1. May I ask for the equivalent-ellipsoid semi-axes of segment 4-45, computed as the square root of five times each C-alpha gyration tensor eigenvalue and listed largest first in whole Å?
2. Using the heavy atoms of the protein chains alone and a 1.4 angstrom probe, what is the accessible area of segment 1-76 per residue in square angstrom?
3. Please tell me the relative contact order of segment 49-134 in percent, rounded to the nearest whole number, where contacts are Cα pairs under 8 Å and at least six residues apart.
4. For Ser81 and Lys33 in one chain, what is 0.36 nm times their gap in residues minus the Cα-Cα distance, to one decimal in nm?
5. Report the FRET efficiency, 1/(1 + (r/R0)^6), for Ala88 and Val156, where r is their Cβ-Cβ distance and R0 is 22 Å, rounded to 0.05.
6. Principal axes first, then extents: for the Cα atoms of segment 65-158, list largest minus smallest coordinate on each axis, whole Å, largest first.
7. Which trypsin sites (Lys or Arg not before Pro) in segment 39-107 pass both tests, a DSSP loop state and at most 13 other beta-carbon atoms within 10 Å?
8. Rounded to the nearest 10 Å², what accessible area does Lys155 have for a 1.4 Å probe in the complete protein model?
Amino acid sequence: MSEHTNDIQSYIDTHQQLITAIEGLTEEQLTWKETPEKWSVTEVLSHLADHNIVVSFRIREILSGSTVQLPAFSQDPWVSSARANEGAASDILDVFQALLTFNSLLFKRLPTQDWEKSGINFKGQVVKLTDVVQSFTAHVQVHLAQIERIKNASKVKA
């Protein structure tokens, strides 16, 4: 399984990257929104925790050999219906970290052949477990850039 060590470490590192990205932000800065339709930093974090929940399910569906199409989710309604901007960034990051830890412990137990197992994503494409993990890590990178844009926009408005 050593060939997947980098994927696992990159996955685990996303938590620290998020911590670093929000370091020093006040509660007001974490919940600031450029417009009502755009997400705050806290809402971005909540979305990533939601995404990690969905990815955790996808991982287990793939490993179980399920032939059910892997689930998609409606990110905007999930964030708004959860009243995510009223949550604490630290609590959200605790959930995010717990999921990373739980999944990484699972990953470390997997034999190499399990990393080649696949499922059908919501677009109808075949995806391997490695794809799911790498895609999640890349998705976090997209949202790290979004957090930077929000931080920069809030400075302009201040």
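1. In descending order, the three semi-axes are 27, 12, 5 Å.
2. That works out to 50 Å² for each residue.
3. Relative CO of segment 49-134 lands at 44 percent.
4. 15.6 nm
5. E between Ala88 and Val156, to the nearest 0.05, is 0.30.
6. Largest to smallest, the principal-axis extents are 53, 28, 23 Å.
7. Arg83
8. 140 Å²
The values are calculated or read from the model by the stated rules, or taken from the named source; none is laboratory data. Computed from a prediction, not measured in an experiment: that's the story for all the values here. Neighbour counts run over all protein chains shown; Cβ positions are idealised from the backbone, glycine included. The protein model used for the area step is the full one, side chains on, heavy atoms only, and it has no ligands, DNA or RNA in it. Shrake-Rupley method; radii C 1.70, N 1.55, O 1.52, S 1.80 Å.
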